[in-house]
Amino acid sequence: MKITIIGTGYVGLVTGACLAELGNDVFCLDLDQQKIDILNGGGIPIHEPGLEEIVARNRSAGRLVFSTDIAASVAHGDVQFIAVGTPPDEDGSADLQYVLAAARNIGKHMQGFKVIVVKSTVPVGTAERVGAAIETELKLRGSNATYSVVSNPEFLKEGAAVEDFMRPDRIVIGCDDNSFGNIARAQMKKLYTPFNRNHERTFWMDVRSAEFTKYAANAMLATRISFMNELANLADRVGVDIEAVRHGIGSDPRIGHSFLYAGCGYGGSCFPKDVQALEPTAQDYGQDLLILHAVEAVNTKQKQVLGAKIMARFGDDLSGKHFAVWGLAFKPNTDDMRAASSRVLLGELLRAGATVSVYDPVAIPEAKRVFALDFAENPELLENINYAATPMGALDQADALAIVTEWKAFRSPNFEQVKTRLKQAVIFDGRNLFEPALMTDLGLEYHGIGRSI
Ligand code: NAD
Ligand code: UGA
């Protein structure tokens with residue numbers, strides 16, 4: 001099928017590359033010339049396991065094209081995916097300016113019939129606004145072109161995006177119940193046929209319910225994490241091991257094991273913004289989302305948990321102290337630093353007078369970019385960050401090691417080396433990678449999250 005992807009970011013690039021891999025003829029549009037140049041030069045602008053090979057293979061087969069040409073992108077796809085960003089507006093609501101700009105561009109150029117698929121995470125009612133934006137443009141140029149707007153939210157996780165896209169748990173598609181909606185449904189069914197070979201994974205619903213399902217999923221996952229983090233903080237006070245509790249409750253199939261890991265808070269481009277974005281929607285309809293306020297508040301506090309533990313141990317004034325930090329990305333297998341907990345920790349350590357030596361397997365270039373923004377008002381603090389080339393290299397002369405991201409490479413270090421390199425054998429583990437009893441046996445002072453047994 002002929003597919004256009006509008007917005008070649010994390011979601012757009014993965015969607016475009018994977019749909020090309022399945023034999024579709026895909027045109028990826030982005031307004032960011034630099035991104036398109038990188039892609040056309042054979043590179044990829046993000047770190048995502050397995051993606052580079054798929055992009056290269058399909059580009060050379062001619063099934064995957066990258067361009068900034070809006071008119072050509074609209075002419076190309078019978079199905080037009082909108083996968084642009086929906087960042088938080090000032091009040092936390094989803095800023096729809098990019099989605100609506102993409103819709104207007106479609107309306108300005110389209111001929112005949114198009115299926116418009118909103119893949120971006122958008123509030124209930126956005127598909128109607130996309131339709132209205134297209135309609136306005138069609139009227140302006142007296143066009144009788146037709147369309148149907150479909151909601152097909154994306155559930156992929158960064159770091160496992162290709163795998164998640166290719167083997168989805170479910171595909172949620174919301175279509176209108178009218179004649180154009182029926183044509184759109186048939187096209188979506190055809191496009192997603194390869195994903196439904198062994199069993200049917202598609203859940204068909206109305207457009208508004210599909211839009212809402214995406215927020216409900218992210219809000220539910222974020223709630224589980226904040227709930228476990230709150231329990232972990234209590235576990236620390238009452239002498240309970242949250243990891244034992246996690247196993248104990250996760251084995252109940254009604255609860256399940258996933259997304260029960262206490263840690264130094266959730267980050268990334270989506271949980272923080274999507275939890276926030278539901279609130280203005282609820283307020284518009286006269287409801288206060290009590291649970292989600294708490295989920296967000298707990299997470300804001302949880303990102304400070306490592307800093308608080310470090311200051312409880314070393315004092316509020318960290319002048320003259322030096323800390324090693326392992327992991328900067330908001331999660332492993334990505335270089336994404338959006339809302340990463342490392343940004344909060346570094347802010348606290350540097351502002352309290354410490355110096356740091358940081359290591360991340362892939363996120364250092366992105367970290368340099370975001371730290372320059374985070375410390376724009378105190379650029380002198382940037383000089384107190386040393387970027388180490390190896391995890392062990394970050395440890396020399398440090399008063400303690402703080403672990404923020406659970407990269408595999410950090411899971412079984414040579415502890416003897418860790419001990420000798422550190423000035424003080426102290427570990428603050430924001431992702432509960434190690435067993436407290438083993439750490440004690442090895443002569444390391446260990447501070448996990450909810451593991452003060
Ligand atoms: P992103 O910022 O990585 O990419 C968005 C891209 O859209 C950018 O490259 C930008 O230049 C481009 N763009 C903006 N306006 C455009 C326009 N009018 N025409 C063409 N290109 C345009 O964003 P992302 O992380 O891919 O997220 C996109 C959407 O998908 C968001 O709504 C997000 O909530 C949702 N989502 C993201 C993930 C994820 O893991 N990142 C997962 C599921 C859903
Ligand atoms: C999340 C969802 O998992 C995806 O389904 C969704 O499509 C995506 O948001 C989105 O809408 O963008 P992602 O943000 O890529 O995916 O990463 P996750 O694996 O969900 O992790 C998010 C954050 O939660 C990370 O900071 C991670 O460290 C933290 N986390 C996760 C925990 O603290 N504990 C857990 O048990 C799980």
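Just so it is clear, none of the values below were taken in a lab; they were calculated from the coordinates. Predicted model only: the values in this text are computed from it and were never measured. Note: ideal-geometry Cβ built from the backbone for every residue, glycine included; neighbour counts use all protein chains shown.
From least to most packed, judged by other beta carbons within 10 angstrom and beginning with the fewest, TRP407, TRP326 follow the order TRP407, TRP326. Which FRET efficiency value, to the nearest 0.05, is calculated for ALA71 and GLN97 with the Förster distance at 22 angstrom and r the Cβ-Cβ distance? With R0 = 22 Å, the Cβ-Cβ based efficiency is 0.60. Please give the FRET efficiency for ASN178 paired with ALA282, using the beta carbon to beta carbon distance and R0 = 51 Å, rounded to the nearest 0.05. The formula returns an efficiency of 0.95 here. FRET efficiency for the pair HIS247 and ALA389, taken as 1/(1 + (r/R0)^6) with r the Cβ-Cβ distance and R0 = 41 Å, rounds to 0.65. Largest first and in whole Å, the equivalent-ellipsoid semi-axes of the range 2-205 read 24, 20, 17, each the square root of five times a Cα gyration tensor eigenvalue. This model, with +1 at the C-beta of Lys and Arg and -1 at the C-beta of Asp and Glu, gives the chain a dipole about its Cα centre of some 960 debye.
Bridges between two residues of the range 316-453, per DSSP, are antiparallel at a rate of about 0%. Is any residue of the range 202-230 close enough, with backbone N under 20 Å, to a label point placed 7 angstrom from the Cα of GLU135 along the Cα-Cβ axis, and if so, which? 206-211, by backbone N distance to the label point. Could you compute how fast the range 199-270 diffuses translationally, taking Rh as the Kirkwood radius over C-alpha pairs and applying Stokes-Einstein at 25 °C with viscosity 0.890 mPa s? Give it in µm² per second. In µm²/s, the coefficient is 173.
Please report Rg over Rh for the range 236-364, where both radii come from the alpha carbon positions and Rh follows the Kirkwood definition.
For the range 236-364, the value is 1.02.
Distances between placed amide hydrogens fall under 5 Å for PHE81 paired with THR4, ILE5, ILE6, VAL117, all partners being 5 or more residues away or on another chain. Considering only the Cα atoms of the range 1-119, their convex hull presents on average a projected area of 7.4 nm². How large is Rg/Rh for the range 137-214, to two decimals, with Cα atoms and a Kirkwood Rh? Using only Cα positions, Rg/Rh for the range 137-214 is 1.06. The alpha-carbon atoms of the chain define a convex hull whose volume equals 161 cubic angstrom per residue. A cut-off of 5 Å between modelled amide H atoms, ignoring neighbours fewer than 5 places along the same chain, links ALA402 with ALA324, VAL325, TRP326, PHE428. For THR146, nonlocal amide neighbours, meaning residues 5 or more places apart or on other chains whose placed amide H falls under 5 Å from its own, are GLY112, PHE113, LYS114. The phi torsions of the range 11-20, fed into the Karplus equation with coefficients 6.51, -1.76 and 1.60 and a -60° offset, translate into couplings of 6, x, 5, 5, 4, x, 5, 5, 5, 5 Hz, rounded to whole numbers, with Gly and Pro shown as x. Under the simplified labelling scheme, the LEU382-ASP78 pair shows an inter-label distance of 5.1 nm, with each label point 7 Å from Cα along Cα→Cβ. Between helix 207-238 and the chain there is an angle of about 10 degrees, using the helix long axis and the longest principal axis of the Cα atoms.
Here the Karplus relation 6.51 cos²θ - 1.76 cosθ + 1.60, evaluated at θ = phi - 60°, turns the backbone of the range 383-393 into coupling constants of 5, 8, 9, 9, 9, 8, 8, 9, x, 5, x Hz, with x for every Gly and Pro. Between ARG254 and MET1, the simple spin-label model (points 7 angstrom out along Cα→Cβ) gives 4.0 nm.
When only alpha carbons of the range 298-388 are considered, Rg and Dmax amount to 12.4, 34 Å. Sorted ascending by nearby beta carbons within 10 Å, beginning with the fewest, THR4, THR136, THR202 become THR136, THR202, THR4. Could you tell me how many cubic angstrom of Cα convex hull volume the range 226-447 has per residue? About 140 Å³ per residue, rounded to a whole number. When the charge dipole of the chain is built from unit charges on Cβ atoms (+1 for Lys and Arg, -1 for Asp and Glu) and taken about the Cα centre, the candidate among ALA184, ALA329, LEU444 whose Cα reaches farthest toward its positive end is ALA184. The mean of 1/r over all pairs of different alpha-carbon atoms in the range 158-300, once inverted, gives a Kirkwood hydrodynamic radius of 17.8 Å.
With respect to the chain, whose longest principal axis is taken over its alpha-carbon atoms, helix 97-109 is tilted by about 20°.
Which Cα, out of GLY430, ILE364, THR146, lies furthest along the positive dipole direction of the chain (beta carbon charges, K/R +1, D/E -1)? Selected residue: THR146. In this label model, ARG57 and MET166 are separated by 0.6 nm, measuring between points 7 Å along each Cα→Cβ vector. Whole-Hz Karplus values for the range 406-419 come out as 8, 4, 4, 4, 9, 6, 9, x, 6, 5, 4, 5, 4, 5 Hz, taken residue by residue from phi with 6.51 cos²θ - 1.76 cosθ + 1.60 and θ = phi - 60°; glycine and proline positions read x. Counting only DSSP beta bridges with both residues in the range 87-234, the antiparallel share comes to about 15 percent. Put a plus charge on the Cβ of each Lys and Arg, a minus charge on the Cβ of each Asp and Glu, and nothing anywhere else: the dipole of the range 226-447 about its Cα centre is then about 320 debye. Relative to the longest principal axis of the Cα atoms of the chain, helix 290-302 runs at roughly 50 degrees.
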